[in-house]
Amino acid sequence: MTKNSRRKFIKKSSMAFVAGSVLPQFSAKSYANIIGANERINVSVMGVNSRGKALAQNFAGQENCNVVHLCDVDKRAIDKCLTAVSERQDHRVKTFVDFRKSLESKDVDALVIAAPDHWHAPASLLAMQADKHVYVEKPCSHNPNEGEILMRAAEKYGKVVQMGNQRRSWPNVVEGIQALKAGAIGRVYYGKGWYTNNRGPIGVGKKTAVPDWLDWNLWQGPAPRRDYKDNIVHYNWHWLWHWGTGEALNNGTHMVDLLRWGMGVDYPSKVSSNGGRYRYNDDWETPDTQIINLDFESGQTMSWEGRSCNGKDIEGSSVGVIFYGENGSLLIPSGNSYTQFDLDGKVVKEVKNAVQIDARNKSNPAEQLDALHIQNMFKAIKEGGPLHSDIYSGHKSTLLVQLGNISQRVGSSLDIDPTNGHIVNHSEAEKLWSRSYEEGWEMKL
């Protein structure tokens, strides 16, 4: 497939999803209006090993975008991503080990962030301070304090910040949520989300020399320094609190965001979490089995179940959410679809999409659908339209799962101020509201 045919494929796929959908800002007409060589948005992508490589390819495939910079502390990742991007665009790409050099360029309009979780908020802040817009993968922050800083930064610097809750732009998912809000199953009082997988052990890491292809100091960046071990890079950092946020924020963020959106809630009044690292005896610190419960003053409850090491599906899907109401239930599984049931479990309505989604694909489960999320950001940059997952909404959803992790780590339920999401009367838990930083890397507005 040629570069031009790849771009046409992605463009046609995106427009096919848009046509006749509930997303009027994505009409074929408005999409065509922003395409043109002189109106392309130039992006720099930070962290291009796995998910970042997939994002770089997707952005490069948009006809109103140029990927101008690739940034990574892993020289091998840059080489692989450069090859992949060059198959989708003709524009020359510069590469950087230190993304801050990329931010100095006036050619860059936006920074796309897919580096490890401990980098998401600090890199977003630096990008805004460099007058760049931001597309940041979920979660938007490593801890709640960082999320609040990003909200203030977006207000101060006036930049567009889109979080990668891509399902907010999937047309049939949007339709399902709108059906909920229109009363399809009556008053919604309970929602359940889940994620399942069959992840193997990560072993016990050994201290060893840093590989010549890796800038370990810059990989750690804002996090206080730790010795290099051979089982951290890549991906296993997810399961270490110093850099990662566990399965709850790795995949739970998506589902909790759908629950919060569909149930129309913001901050909870009580949070609890149960679980642990049960399957293997290794360096994995975060739970591989976890149930987070959140109660709201509106008389609603939501829960999220994560099973990293037992992949038995729930409701026939490895990932999903289901809403329970007075008159029935509504299921949104892994893909761009939903099913409505009556109180006896009989199907009332089923909306499907031909695109198959592999929720366990770590890098690129839904490229064609995710392009809609990208275009929503571009429209906001060009025309000032609303974002489907702005930093304010993104922080709220991220915070709910962060509170679950904090409850898990302190071993008790938490009372929460429902007006702002802050922890009430628990000094040990409040210590986890923020983190310490490597000297010189503190987040400052």
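Brief remarks on what is shown
- Cβ-Cβ FRET estimate between Ser436 and Asn217, R0 fixed at 22 Å, reported to 0.05: 0.85
- A simple charge model with +1 on the Cβ of Lys and Arg, -1 on the Cβ of Asp and Glu and nothing else charged puts the dipole of region 96-155 at about 60 debye relative to its Cα centre.
- With all protein chains kept in place, the per residue accessible area of the chain amounts to 39 square angstrom at a probe of 1.4 angstrom.
- Cα-only Debye scattering, region 376-445: base-10 log of I(q)/I(0) at q = 0.18, 0.27 Å⁻¹: -0.84, -1.16
- Translational diffusion of region 312-445 was estimated from the Stokes-Einstein equation, with Rh taken as the Kirkwood radius over Cα pairs; at 4 °C and 1.567 mPa s the coefficient is 68 µm²/s.
- Taking a point 7 Å from the Cα of Lys207 along the Cα-to-Cβ direction, the residues of region 227-244 with backbone N closer than 20 Å to it are 227-233, 237, 240-243.
- Separation of region 122-198 from region 402-445 is 19 Å, based on Cα centroids.
- Potential lengthening of the chain between Glu104 and Glu39 amounts to 21.3 nm, from the contour at 0.36 nm per residue minus the alpha-carbon distance.
- Dipole in debye (nearest 20) - the chain, about Cα centre, beta carbon charges: Lys, Arg +1; Asp, Glu -1: 1180 debye
- Placing unit charges on each Cβ (+1 for Lys and Arg, -1 for Asp and Glu) gives the chain a dipole about its Cα centre, and among Phe341, His422, Leu111 the Cα reaching farthest toward its positive end belongs to Leu111.
- Equivalent ellipsoid, the chain (semi-axes from 5 times Cα gyration tensor eigenvalues, Å): 31, 29, 21
- Straight-line cross-link partners of Lys53 among the aspartates and glutamates, defined as a Cα under 12 Å from its Cα and at least 8 positions apart when in the same chain: Asp72, Asp79, Glu367.
- Rg(Cα) / (2.2 N^0.38 Å) computed for region 220-345, rounded to two decimals: 1.24
- Total charge dipole magnitude, region 239-361, about the Cα centre, Cβ charges on Lys, Arg, Asp, Glu only, Debye to nearest 20: 200 debye
- Sulfur and carbon atoms: percent of accessible area, region 223-325 [1.4 Å]: 41 percent
- With N as its number of residues, region 64-213 has a Cα radius of gyration that, divided by 2.2 N^0.38 Å, comes to 1.32.
- Farthest positive-ward along region 153-207 dipole, Cα basis, beta-carbon charges - from Ile185, Val161, Asn198: Asn198
- Of Lys94/Lys382; Lys192/Lys352; Lys192/Lys349; Lys156/Lys396; Lys101/Lys379; Lys206/Lys270, those spanning more than 29 Å from alpha-carbon to alpha-carbon: Lys206/Lys270
- Sequence-separation-based contact order of the chain, relative, with Cα cut under 8 Å and 6+ spacing, percent: 19 percent
- Most positive-pole-ward Cα, His373, Asn58, Pro122, against dipole of the chain from beta carbon charges: Asn58
- Considering only alpha-carbon pairs that sit under 8 angstrom and 6 or more positions apart, the relative contact order computed for region 378-445 is 16 percent.
- Space enclosed by the convex hull of the alpha-carbon atoms of region 176-258, per residue, Å³: 153 Å³
- Beta bridges by DSSP in the chain, antiparallel share as percent, to the nearest 5: 60 percent
The values are calculated or read from the model by the stated rules, or taken from the named source; none is laboratory data. What you see is a predicted model, and the numbers here were worked out from it, not measured in a lab. Don't worry about glycine lacking a Cβ; one is built from the backbone with ideal geometry, like all the others, and counts go over all protein chains shown. Note: areas computed on protein heavy atoms with side chains; ligands, DNA, RNA excluded. Shrake-Rupley method; radii C 1.70, N 1.55, O 1.52, S 1.80 Å.
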